[in-house]
Amino acid sequence: MSDQENLRTQDLQEDAPREAREETGNPSHQEPPSSQGPSEGNASGDGASGASASGADRCSTATANEPGREEPGRAEPEDSGAVAALKKEIEDLQAENSELKNQYLRKQADMENYRKRMIRDKEDAVSYANQQLLLDLTAVIDDFERAIASAEESRDYDAFHDGVVLIEKQLVSMLERKWGLKRLDSEGQEFDPQKHEAVTAEPREGDETSMVLEEFQKGYLLHDRVLRAARVKVSTPGKG
């Protein structure tokens, strides 16, 4: 290798480190210092943190203000009032139910007592239905006792007979007037199977219908109803 080439190689070798040093140390090639110092960087960081905290507070406030959302650990006065109103309503309904139940039991007891009283009154009505009739008959018995006593003293048959006839008329009149009991006059009347009971029959000429010839036992009407049919002897149409 020639001397010129050696010199050139050395120059290149010396120029390369120098250029490297110049590039490294040259201010024009260095990045310009940041316009913000450490404090400014920290302030910026604090501002971002503050902004994040402010955003979190706003989110928390919005969440708390959402309808239907309640903060844990705090009871709403409206809810307490509604619960108290419901409890009061339940107590009122229970009291009303108890009162209605008591009324039903009292009504049931009253109905049972009424049923028993009606049965007892019906039995009494049947037992004492003839009370007034028997009371009226006691007056007739008194008349008979007086007639008998009078006959014992006087031994007058005609007077005794007249007294008995009078008592009989009074009795029949009282029964018809107060109780609707009426005697049937059957003799000489046309035979009526509803009112008469034919005991015997006798053929008679000239009779076109059966007639009552004789009365063996009188019949009675209670108001308009036959109480007892008369037992009679009747005629039959035909030859004798």
Residues meeting the amide H criterion for residue 227 (H placed from the backbone, H to H distance under 5 Å, 5 or more places apart or on another chain) are 220, 221, 222
Could you order the peptides 89-102, 201-214 from most to least packed, using the average number of other C-beta atoms within 10 Å per residue?
201-214, 89-102
Ordered by number, the chymotrypsin sites (Phe, Trp or Tyr not before Pro) in the range 85-143 that occupy a DSSP loop and have at most 10 other Cβ atoms within 10 Å are 128
Largest-first ordering by accessible area, 1.4 Å probe, given options 161, 223, 196:
223, 161, 196
Rounded, prolate or oblate: pick one for the range 115-187, where a ≥ b ≥ c are the square roots of the eigenvalues of its C-alpha gyration tensor, a/c under 1.5 means rounded, and failing that, prolate if a/b is larger than b/c, else oblate.
oblate
Taking amide hydrogens as modeled 1.01 Å from N in the peptide plane, which residues meet the under 5 Å criterion relative to residue 197, leaving out close sequence neighbours?
230, 231, 232
Too long for a 32 Å Cα-Cα cut-off, among 88/116; 122/169; 122/178; 116/182; 169/233, are 88/116; 122/169; 116/182
What distance in nm separates the two pseudo spin-label positions at residue 236 and residue 192, each 7 Å out from Cα along the beta-carbon direction?
2.4 nm
First select every other residue whose beta carbon is under 12 angstrom from the beta carbon of residue 165; then total the charges, Lys and Arg +1, Asp and Glu -1.
-3
Solvent-accessible area of residue 185 with every protein chain in place, 1.4 Å probe, in Å² to the nearest 10
120 Å²
When the solvent-accessible surface of protein heavy atoms is calculated with a 1.4 angstrom probe, in what order do 199, 164, 234 fall, highest first?
199, 164, 234
Considering the options 226, 200, 186, tell which one lies farthest towards the positive end of the dipole of the range 172-235, charges being +1 on Lys and Arg and -1 on Asp and Glu at the Cβ, about the Cα centre.
226
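The values are calculated or read from the model by the stated rules, or taken from the named source; none is laboratory data. Everything numeric here is computed off the predicted structure, so don't read it as measured data. Ideal geometry is used to build each Cβ from the backbone, glycine not excepted, and the neighbour counts take in all protein chains shown. The area values use the complete protein model at the heavy-atom level, side chains included, leaving out ligands, DNA and RNA. Shrake-Rupley method; radii C 1.70, N 1.55, O 1.52, S 1.80 Å.
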